[in-house]
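Here's the structure, in structure tokens; my notes come after.
The values are calculated or read from the model by the stated rules, or taken from the named source; none is laboratory data. The model shown is predicted, which means the values in this text are computed figures rather than measured ones. Methodologically, a virtual Cβ is constructed for each residue, glycine included, from the backbone with ideal geometry; neighbour enumeration extends over all protein chains shown.
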Amino acid sequence: MTPIAHPPETLEGWYALHQIFTVDRRALRAFDAPTRERLEQHLCVALAELASPAEGGWSAPVRLIGSKGDLMLVHFRPTLDALGEAQRRLAREPLMDLLAPVYSFLSVTEAGLYHITAQLAKDAEQRGGTVGDATYAEALAQRVHAERSSAHVQRRLYPPLPGEMPYVCFYPMSKRRRVGQNWYALTLAERSQLMYTHGMVGRRYAGKVMQVITGAIGLDAWEWGVTLFGKDPLEFKKLVTDMRFDEASAQYAEFGEFFVGKTVPAEEAVRLP
Amino acid sequence: MTPIAHPPETLEGWYALHQIFTVDRRALRAFDAPTRERLEQHLCVALAELASPAEGGWSAPVRLIGSKGDLMLVHFRPTLDALGEAQRRLAREPLMDLLAPVYSFLSVTEAGLYHITAQLAKDAEQRGGTVGDATYAEALAQRVHAERSSAHVQRRLYPPLPGEMPYVCFYPMSKRRRVGQNWYALTLAERSQLMYTHGMVGRRYAGKVMQVITGAIGLDAWEWGVTLFGKDPLEFKKLVTDMRFDEASAQYAEFGEFFVGKTVPAEEAVRLP
Amino acid sequence: MTPIAHPPETLEGWYALHQIFTVDRRALRAFDAPTRERLEQHLCVALAELASPAEGGWSAPVRLIGSKGDLMLVHFRPTLDALGEAQRRLAREPLMDLLAPVYSFLSVTEAGLYHITAQLAKDAEQRGGTVGDATYAEALAQRVHAERSSAHVQRRLYPPLPGEMPYVCFYPMSKRRRVGQNWYALTLAERSQLMYTHGMVGRRYAGKVMQVITGAIGLDAWEWGVTLFGKDPLEFKKLVTDMRFDEASAQYAEFGEFFVGKTVPAEEAVRLP
Amino acid sequence: MTPIAHPPETLEGWYALHQIFTVDRRALRAFDAPTRERLEQHLCVALAELASPAEGGWSAPVRLIGSKGDLMLVHFRPTLDALGEAQRRLAREPLMDLLAPVYSFLSVTEAGLYHITAQLAKDAEQRGGTVGDATYAEALAQRVHAERSSAHVQRRLYPPLPGEMPYVCFYPMSKRRRVGQNWYALTLAERSQLMYTHGMVGRRYAGKVMQVITGAIGLDAWEWGVTLFGKDPLEFKKLVTDMRFDEASAQYAEFGEFFVGKTVPAEEAVRLP
Amino acid sequence: MTPIAHPPETLEGWYALHQIFTVDRRALRAFDAPTRERLEQHLCVALAELASPAEGGWSAPVRLIGSKGDLMLVHFRPTLDALGEAQRRLAREPLMDLLAPVYSFLSVTEAGLYHITAQLAKDAEQRGGTVGDATYAEALAQRVHAERSSAHVQRRLYPPLPGEMPYVCFYPMSKRRRVGQNWYALTLAERSQLMYTHGMVGRRYAGKVMQVITGAIGLDAWEWGVTLFGKDPLEFKKLVTDMRFDEASAQYAEFGEFFVGKTVPAEEAVRLP
């Protein structure tokens, strides 16, 4: 029996943590100028350490604008343990005591191989085999290996911080499981087709917006995180609007809170507003 | 293939930020009178600076009445960066430490060109072309250019603070994507017709209520912000009631919190209740 | 074209504000007895001033029992500005610093003329005219004038505080706009019929429960407020249960939080528990 | 016209208040031992006074286990005013300042006479009369009188604190009014049948779990409160599971938060954890 | 009459409590080093006592990573009273005053005997008997006894802390009761089949992920808790994704918040970040 609604194969790369904070300004103002400056310098050193850790990945501060928070820290690391270490490194900083967490999101970079999985499932059906049999598994291993080493998948699993795209937009999302709008009850072929169209929308923004997709099933109540980097924040509005008219989003997507801001150097980030 | 459910073309103008605060009255009362007066004067200076910035746009304080907050600050600016600067300018004021944020909304003024987009799509279909082909793009560019320079679109993208309409009502909203009530699954022609009827309701209030529509897709969890300015607050009730019976609202709209108040001069706004 | 789902004509009277507070008992206990007594007397004077203002309307304290709050203040005023003044008058009282707002509701007394509107719409149809044409407008003006000056509408728009009914129950509500349960998609005749039946339930409680209906569309996220005054609080349970079986409520109503208590003289209200 | 969906007759007894608190442990620890002991003794006296008031009813402390709160106080009183007095008596205790309210629920004990109402409605129909006519009213009065004085209804309206059942489970619930799952659109006969089956489940737990049903329509956002007393807390799981498979619950019930704990003597309750 | 939608027989073992806390870092930093060390040692002793109590069960600290909390304490005990004692033992520790509870979940280990119940119901039907008759009851008692003493059920009811699987993922869940997606309206045979398929997914992760299922009906608003232990946190994502495509989850499951972390020795857990 070939399960029809099986999940797509996925590749995972770095673990990701998005931390959003608000500043306790009254407490901050209670410090005298030298104390405050010293604490800022300390935090600046911590952010510099975290920016490009030996084990890989990176951390970057994003100053939020008009959002429910004041500052977002985005961390990518090869392991969950390394993420935990980054989190604890920050927690040791006295200035971080004045940053109250308003949201956090744990996930891992993900490349969904919808097309390959759908193709292999179709092949299996045509040759009278099943998803997961030896032929399938062998073909899959080859395709996955090829995919993983491709440049575009590497960029999705180990995304660089794009210096020339300073604006950032982050939001979590899930797929619906309602009667009549149940993503998880669609066949893989249907999901593959919808994701293909969805991807086409994103490609129209190549060079203008970089998307980082992170998977959060089993890690968070939301299923995915979307982190957009852009040259012009208006492109976030254009891109997300275009996608909302996609069937994949129009029928099946639920969205959480949106956080918008701009990456800033550590020395600017620590000068809390 | 002509996508049926594609979004309307839109024009954008100023970025907008609505900040809603409650006053920490106990902390305020702890100040002695001269200190309080000094801090009020400081904040007054800041509000005056922000009221008509060199780069364009404006900021205005709204004293809320019977709302979940005490004070709303509305900012319009040509860029997201300028909004961020306004936000940080305020955060530097000690009196702002006593204003706890209860809500904030980031968006950008928007003119939805439903009618033009629907017209061009229809033209494309009749001539056997597609949405987005060269003929379409050229016609679109002409129409958009004409629209953008028209007086009524200019007013929508760069709305003045209407001095003769001191009452303000702000609320966020979204369009539904439920089974049987999915705005994003309607054809552009259907959406265009519904928005036309919706617009007719608004026009009946011309001279009594000024509407500022700001788009927030990609910037906030809600999709639009509506800021109404009126001579008589009862007109807010009449207008919103009329619209709720519109099919566009009756079937497809979701509304968030409502904030109602009155614009006040900076020197009055800083005398926190 | 006669719009089928147009709203009923409504009459409005006083603006209304319901403020619900919890007491910070620890802060209250920190005052010594003379200070506390002085502050209570101050607040008592304020409540007395607000009780029957020169411009009309009234304010009354309600001590809540078993509710999410400790004290509810209900204000009626001829204008939104007068409501704002009442709110600021209270905010100047030091004892009010110890009352944390847990809920507030802004609305305006409303008499929905469903029956008249439905009748006039039917007349228009029969004579081949339209809702809003000259004949309709003239007839409407006459009927509205007659209604407004009638004693029972005056009582709905300018409700007295019924001294002999000390128990109070307040809750906000809205009408649904779901698929299959969409109040705003019913014809006016259907809504008129449902509201008539709904009103009959209320009439059975005449002399036992006084209902004050206030409209909040355009002012609050909820669409109406219901304030009940009764001789016996058990009648609130009976009345609201009977109404819940009404089609207007059973199919179309959504309810918010309920606040129940008893009006008390100002001197008792200020002795915070 | 016999209304089909009319409510069942109900009998009411004591008013009930469930108060749930969390302890501010840091503040508690700041007291020195003698002060803390004195405050505990004071509160102990208050709880003893409230335990069996002259006017009837009772109050009992429940130490919560693994719940969103630390302590639940359950009060039953003949009048709403007496409940309010109990509430204020507690509020005067300094130790209560350290108990932050996390939930409260106001209701009144209720015996729903589904079976009798359905029977009388059927009788009325058969004799060509209507619900509420003279014959119906007379028969109803007789039946209600007989019911009210029966021992099992007396126990439902004036429930004792069952000393041999120390475990307590409290949760609020409502009946749905959704399309396809609308309790309030069922006929009385249907509701009567469903409640009969529902009651049968409860009876299987006689001697193991005592149920106290309190009605909250018109008093709270939830429509009923369920307070279970048991010898073994595992029976709460068994009973509620069995009921969830009942059609009355499976299709029509919504549940709120659950609070589980154990009654303790006043002297133990005041030793806050 | 054989009830079709009756619940499956279940076996229960240890009561379980999941406590999730955030650290008040500013208060923690206010302690001088010796005080902090002393309090840490005290808490360490408490955690050691709780780790393997005489009456059975265990307690273990989990350091959360990227979650809404900082620390999770998981307790298993033979009785509800013993859970309460564990909770109060912790509450006596001064360092626990600095840990604000953000979530708690009370449940009891559960083995759902879907297959056996379905089998016995089928047998009863075939022999013309009913669920619950003498033959059924006897057969059930035998089967339940055999199941309870089996090694795999013992592991489910009295789960060990798997030392070689340090990563932990906890989330609550419920089954839906919506129109068209109502788990409680399925026949036992249907539920049995769905749970069988669901279980097969879990088995594919044997040796990689250990699942502990705890039942919470009658104890919490959510119906079940799932606690996963794993060697590699990526397996949480894989497992939960696979299950989400199961019909049991895709159609019928609702999920709450997810908490992810790693078990740490007591001496490490008390060094709060």
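Side notes on the structure shown:
- In the stretch E:213-230 there is no residue that is among the acidic types (D, E) and closer than 30 Å to A:A111 by Cβ.
- Selection from the stretch E:81-96 of residues that are of a type in the set (G, A, S) and facing chain D (nearest Cβ under 7 Å): E:G84, E:A91
- Residue match in the stretch C:56-68 (condition: among the charged types (D, E, K, R), in contact (Cβ under 8 Å) with a residue 24 or more places away in the chain, under 21 Å from C:V226 (Cα atoms) and touching a Gly at 6+ places or on another chain (Cβ under 6 Å)): yes
- Being over 26 Å from the mean Cα position of the chain (by Cα), assigned to a helix (DSSP H, G or I) and either of a type in the set (V, I, T) or away from chain B (no Cβ under 14 Å) (or both) is a description that does not apply to C:A146.
- Restricting the stretch D:102-122 to residues that are surrounded by fewer than 21 Cβ atoms within 10 Å (Cβ to Cβ) and at pLDDT 95 or above leaves a set whose member that is nearest to the other protein chains (Cβ to nearest Cβ) is D:S104.
- On inspection, E:E125 qualifies as in contact (Cβ under 8 Å) with a residue 60 or more places away in the chain, away from chain D (no Cβ under 13 Å) and either under 24 Å from D:F259 (Cα atoms) or not hydroxyl-bearing (S, T, Y) (or both).
- Check on E:P166, within 14 Å of chain D (Cβ to nearest Cβ), closer than 30 Å to A:T79 by Cβ, modelled with pLDDT of 95 or more and touching a strand residue (DSSP E or B) at 6+ places or on another chain (Cβ under 8 Å): no
- From the options E:E223, E:E164, E:E147, E:E190, residue that is of a type in the set (D, E) and more than 30 Å from E:P53 (Cα to Cα): E:E190
- Candidate set: the stretch E:211-269, residues that are free of Cβ contacts under 8 Å to residues at least 24 places away in the same chain and of a type in the set (D, E, K, R); chosen: the one nearest to E:T22 (Cα to Cα): E:K237
- Selection over the stretch C:1-60 of residues that are more than 9 Å from every other protein chain (Cβ to nearest Cβ) and polar (S, T, N, Q) gives a count of 5.
- Yes/no for A:G225 being within 28 Å of A:A118 (Cβ to Cβ) and out of contact with any Lys or Arg (no Cβ under 7 Å at 6 or more places or on another chain): yes
- Subset of the stretch E:190-234 that is buried (at least 19 other Cβ atoms within 10 Å of the Cβ) and of a type in the set (D, E, K, R) - its residue that is farthest from the chain's Cα centre (by Cα): E:R191
- Condition met for E:A33 (surrounded by fewer than 16 Cβ atoms within 10 Å (Cβ to Cβ), touching a residue at least 24 places away in the same chain (Cβ under 8 Å) and within 30 Å of A:L98 (Cβ to Cβ)): no
- Check on A:G256, on the phi > 0 side of the Ramachandran plot and modelled with pLDDT of 95 or more: no
- Hey, D:G132 at positive phi, surrounded by fewer than 19 Cβ atoms within 10 Å (Cβ to Cβ), in a loop (DSSP other than H, G, I, E, B) and not acidic (D, E) or not: yes
- The numbered conditions (1) within 12 Å of chain C (Cβ to nearest Cβ); (2) buried (at least 22 other Cβ atoms within 10 Å of the Cβ); (3) touching a Pro at 6+ places or on another chain (Cβ under 8 Å) are all true for D:L99 except (3).
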